[in-house]
Amino acid sequence: MPSLAERVAAIRLDRRSGAAELLRKAAETLAWAAAQPGFSATALAELGRELVRAQPAMASIMNLVSAVLEAGPMRVAETCRDFLARAEQATEAVASEAAALIQDGMAVMTHSRSSAVLRALLAAHEEGRSFQVICTESRPLCEGVTLAKTLAGAGIPVRLIVDTAAYYWLGQTDLVLVGADAICSRGLVNKIGTAALALAAKSLGVPFYALASFDKFLPDDYRAPEQELRDPVEILTEPIEGVTPVNYYFDLTPREYLTGLLTAGCTSSSCSAACRG
């Protein structure tokens, strides 16, 4: 059975899972740790810090940790279950709202692989609407390829494009939907390339919406640590003398680039202010 350190390390090293999957893994780790003999408030606080440091771009983990710390070490499992249930309900509500934007004959573009966007696309398809999806590869890890395969398996026509072809294909796109790893006072944190895609969509007048349930919102005064450089091998398999690969996973999209945020379950002041904006 993995130790606590191994469980946290697995979350830190997870480069493939989306925000929803990482949230679930963090919740499972918290609940498992709380069931161990001698677990204390001090241990809970330290574990919370380690989980936030493991995936600093994931607002949902920070919000889960905050909820658990507020509830205390005796209610960790219960708080995690409640938080995950609320997040699931909110994601379903956001996906339903996004699905209503998708009409017959549309071309919908998306970047990376958001579980909320996937649900929205599947819901619109199941409701009988005929549309196509344009998926960017979403390098360096190419989550868009995985999304394209899932959508095609569901019977939705998909075009898979390289990231740098997005501007060209936006001219044939009616709607852009993306997910969110975090919403902060400065804008949307999401897979790198989102900011350029949003700016291009704005310049061409293509509606661009981000889907963000309550757990993706950070307090106005929260300052996430600088994101770390990722494995250079993901963009350059063989070293080249004098060449330094620079591999970041996330970028920040200013709010003014977005047509809107689709949200659900928001109760905090920072979340409510973002929804109004």
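The values are calculated or read from the model by the stated rules, or taken from the named source; none is laboratory data. All values reported here derive from a predicted model rather than from experimental measurement. Here the Cβ positions follow ideal geometry from the backbone for every residue, glycine too, while neighbour counts run over all protein chains shown.
Mind checking which residues of the range 113-138 are β-branched (Val, Ile, Thr) and either in a loop (DSSP other than H, G, I, E, B) or surrounded by fewer than 20 Cβ atoms within 10 Å (Cβ to Cβ) (or both)? Spell out how you get there, then give the answer.
So in the range 113-138, the residues β-branched (Val, Ile, Thr) come out as 117, 133-134, 136.
Residues satisfying the conditions do not exist here.
If you take the residues of the range 223-255 that are in contact with a helix residue (DSSP H, G or I) (Cβ under 9 Å, 6 or more places away or on another chain) and surrounded by 14 or more Cβ atoms within 10 Å (Cβ to Cβ), which of them is farthest from residue 96 (Cα to Cα)? Step through it out loud before you land on a result.
To start, the set of residues in the range 223-255 that are in contact with a helix residue (DSSP H, G or I) (Cβ under 9 Å, 6 or more places away or on another chain) comprises 224-225, 239, 244-247, 250-255.
Now narrow it down to the ones that are surrounded by 14 or more Cβ atoms within 10 Å (Cβ to Cβ): 224, 245, 247, 250-253, 255.
On the way: 224: 30, 245: 40, 247: 34, 250: 26, 251: 26, 252: 25, 253: 24, 255: 22 Å.
Here the residue is 245.
Which of the residues spanning the range 230-241 are closer than 20 Å to residue 163 by Cα and in a loop (DSSP other than H, G, I, E, B)? Write out each step before concluding.
Applying the first criterion (closer than 20 Å to residue 163 by Cα) to the range 230-241 yields 230-237.
Across the range 230-241, the qualifying residues are 230, 231, 235, 236, 237.
Which of the residues spanning the range 174-191 are surrounded by 24 or more Cβ atoms within 10 Å (Cβ to Cβ) and polar (S, T, N, Q)?
190
Determine which member of the set 47, 84 is at pLDDT 95 or above, within 20 Å of the chain's Cα centre (by Cα) and of a type outside the set (Phe, Trp, Tyr).
Numbers: 47 fails: within 20 Å of the chain's Cα centre (by Cα).
Step by step, each of 47, 84 is checked, and only 84 is at pLDDT 95 or above, within 20 Å of the chain's Cα centre (by Cα) and of a type outside the set (Phe, Trp, Tyr).
Is it fair to say residue 208 is under 20 Å from residue 250 (Cβ atoms) and of a type in the set (Phe, Trp, Tyr)? Let's see the steps before the verdict.
Numbers: under 20 Å from residue 250 (Cβ atoms): yes; of a type in the set (Phe, Trp, Tyr): yes.
When the stated conditions are applied, residue 208 passes them.
Looking at 151, 141, 147, which is the one that is farther than 20 Å from residue 206 by Cα, assigned to a loop (DSSP other than H, G, I, E, B), out of contact with any Pro (no Cβ under 8 Å at 6 or more places or on another chain) and not polar (S, T, N, Q)? Steps first, please.
Values: 151 fails: assigned to a loop (DSSP other than H, G, I, E, B); 147 fails: assigned to a loop (DSSP other than H, G, I, E, B).
Only one candidate qualifies: 141.
Counting residues that are closer than 14 Å to residue 107 by Cβ and assigned by TED's automatic domain parsing to the domain that holds residue 261, which strands (runs of 3 or more DSSP E) fully inside the range 162-223 reach at least 1?
Working: elements: 175-178, 182-184, 187-191, 208-213.
Correct list: 175-178, 208-213.
From the list 35, 41, which residue is in contact (Cβ under 8 Å) with a residue 40 or more places away in the chain, more than 21 Å from residue 188 (Cα to Cα), outside the structural domain of residue 188 (by TED's automatic domain parsing) and surrounded by fewer than 17 Cβ atoms within 10 Å (Cβ to Cβ)? Before the answer, list the steps.
Working: 41 fails: in contact (Cβ under 8 Å) with a residue 40 or more places away in the chain.
One residue alone meets the criteria, 35.
May I ask you to list the residues in the range 11-32 that are more than 16 Å from the chain's Cα centre (by Cα) and surrounded by 14 or more Cβ atoms within 10 Å (Cβ to Cβ)?
Taking the range 11-32 and keeping what is more than 16 Å from the chain's Cα centre (by Cα), we get 13, 27-32.
Passing the criteria: 27, 28, 29, 30, 31, 32.
Residue 70 is checked against (1) over 21 Å from residue 170 (Cβ atoms); (2) crowded, with 24+ Cβ neighbours inside 10 Å; (3) not small (Gly, Ala, Ser) and fails just one. What number does that condition carry?
If we test residue 70 against (1) over 21 Å from residue 170 (Cβ atoms); (2) crowded, with 24+ Cβ neighbours inside 10 Å; (3) not small (Gly, Ala, Ser), just (2) comes out false.
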